[in-house]
Amino acid sequence: MAHREGFFKYQAQTTPHPLAMEVANAEGSYIYDTTGKKYLDFVAGVSACSLGHRHPKVIRAIKEQLDQYLHVMVYGEYIQKSAVELTTLLAKHLSPSLQKTYLTNSGTEAIEGALKLARRATGRSQIIAAKLAYHGNTMGALSVMGYEERKQVFRPLIPEIEFLEFNNEDDLDIITSKTAAVILETIQGGAGFIMPTNDYLKKVKQRCQQVGAKLILDEIQPGFGRTGELFGFQHYDIVPDILVMGKGMGGGLPIGAFTASEAMMDLLMANPKLGHITTFGGNPVIAAAALATLKEITETNLIPATLTKEKLFRSLLIHPLIKEVRGKGLMLAMLTPSAEIATEVVLQCQEKELILFWLLFENKAVRITPPLTISEDEIKEGCAIILEVLNKIQEKTT
């Protein structure tokens, strides 16, 4: 049976019309299909492949770990070098109040752990999230998703969830002494790469401190250098109580994590014991890939270079059909006049061997989240394709 037939017949789909490119191999900023076409990747596995595809240092780390051992014991029981070195290096790059990290299999699992930890630490149950928020699709993460259309058929969800409007300071009174935690994306991803404004995150943190609630920041997309800092919150002179990460930290392998103070994280050890458990979290091969990724990002100029590359994108992406370019660093969203135009851009660019993608809730946006390792020449090449496609769309509509 052909792979294409098997893909549609036996592999569960997430939409009626997947892009269905059949991948042969990938290297650097490019993905190659089975017909021999070479696609420039402006999506990086939806922000997951921070160092591009098959980065040599990540591959080397994986192979070295493969020669030592794979899974040996459930998370947290055995001392495994790659996981210890990864969490130690993370602590060195974070504030003294973010020192202990729990490794998980994905970002959404890390969100679940963060929500549980906030409830355990405060003894409260109410969680406040943002409208148009996206934190994953497991039941807890789905409960704090601020988009009813994606949630309604799965109700009832977790109770005692309230929603505020991101960047609306008038909503801060919703945060009270009943609140266990406020969970926010540092930059709202699915909503269209909405940036916090007017010291909004600081004001949320101050309100949380006033009422004894915890602030959880979801850095699953901005994290690991994509915005010009290792984590997006580092632009805003605040520190969350619980930090959640995923996607770009694994070098292309599945991983997530949540980080908090030692005192908070130790609450998961007792009363009850096994307060949060996972079999494969901290997998040694994946931890080795994440460690190599973190070292490469923090020991090179990749983080500051994202801001230089952002400027290049903004200088090139000028067109009557580009209404705005939102975001920071290499977490960018190109806003078009309509959902139909955004879809045309994605599909026509794929025909011209450039990979773009959509955002979850903002249907007029086109995602541009290339590997941090993308070159300036590759940026110019991809933007030229985008402009060529936009010109054709404009000609057709005038």
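Bear in mind these aren't lab numbers, they're just calculated from the coordinates by the rules spelled out. Note that the coordinates shown come from a computational prediction; the quantities given were computed from them, not determined experimentally. Here the Cβ is made from the backbone with ideal geometry for all residues, glycine too, and neighbour counts use every protein chain on show.
A few remarks follow.
- Residue among 200, 166, 59 farthest towards the positive dipole end of segment 57-299, charges placed on Cβ: 59
- P(r) tail fraction, segment 271-398 - alpha-carbon pairs more than 21 Å apart, %: 50 percent
- Given charges at beta-carbon only (K, R positive; D, E negative), |dipole| of segment 57-299 in Debye: 420 debye
- Computed from the C-beta positions of residue 324 and residue 301, the FRET efficiency with R₀ = 30 Å rounds to 0.60.
- Look at the alpha carbon pairs under 8 Å that are at least 6 residues apart: their mean separation over the length of segment 57-299 gives a relative contact order of 31 percent.
- Whichever lysines have a C-alpha closer than 16 Å to that of residue 63, once near sequence neighbours (fewer than 8 apart) are set aside: 81
- The mean of 1/r over all pairs of different alpha-carbon atoms in segment 117-273, once inverted, gives a Kirkwood hydrodynamic radius of 16.0 Å.
- Computed extension length for residue 92-residue 197: 35.0 nm, one decimal, from 0.36 nm per residue of separation with the Cα-Cα distance subtracted.
- Pairs exceeding 22 Å between alpha-carbon atoms, taken from 131/178; 247/295; 205/273: 205/273.
- Bridge orientation summary for the chain: considering DSSP beta bridges with both residues in this region, about 60 percent are antiparallel.
- For segment 1-73, chymotrypsin sites (Phe, Trp or Tyr not before Pro) are listed when DSSP marks them as loop and at most 13 other Cβ atoms sit within 10 Å of their Cβ; the list is 69.
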